[in-house]
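For reference, the structure is listed below as structure tokens.
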Amino acid sequence: MFPDSAEIYLVNISRSQGEAVAGMGDLEKADKLFQALAEKFPSNEWMYIWWGDLFGILRPKDQPLQYERAKAIYEMGLDRCSRKSHMGPLERLSDLGTEYATLAEETNH
């Protein structure tokens, strides 16, 4: 698209595209877009946060929580990013666990 642009711009453009596709209800296509983005920019921590959010705490309202999928993506970010970039994925894992527990509690009542 803009091959000479800085990585941050390329990642944000691609992220926006993936989020727009998810917002239109095609989570499978959005997942593939983020997967391609992860292959192109494997050490960008925010890409894993945004990708995992599609299945986790910021998923489209009409989609169920996909705990295991979101968790796997956030953990992929931990594996692929430098230690100094771990705070974002770790925060999302914590938030995801809280939401999962809340939903489980609501289901049991």
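Based on the mean of other Cβ atoms within 10 Å per residue, sort peptides 50-62, 29-41 so the most packed one is first.
Numbers: 50-62: 19.2, 29-41: 16.7.
Ranked by mean Cβ neighbours within 10 Å, highest first: 50-62, 29-41.
Where Rh is the Kirkwood radius over the Cα pairs of the chain, the temperature 25 °C and the viscosity 0.890 mPa s, what D in µm²/s does Stokes-Einstein return? Show your work: numbers first, answer last.
Details: Rh = 14.3 Å.
The Stokes-Einstein estimate is 172 µm²/s.
Lysine pairs, Cα distance under 23 Å, 8 or more residues apart or cross-chain: how many in the chain?
10
Give me the accessible area of I13, 1.4 Å probe, in Å² rounded to the nearest 10.
Rounded to the nearest 10, the figure is 60 Å².
The values are calculated or read from the model by the stated rules, or taken from the named source; none is laboratory data. Given the structure is predicted, the values throughout are model-derived calculations rather than measurements. All Cβ positions, glycine included, derive from the backbone under ideal geometry; neighbour counts span all protein chains shown. The protein model used for the area step is the full one, side chains on, heavy atoms only, and it has no ligands, DNA or RNA in it. Shrake-Rupley method; radii C 1.70, N 1.55, O 1.52, S 1.80 Å.
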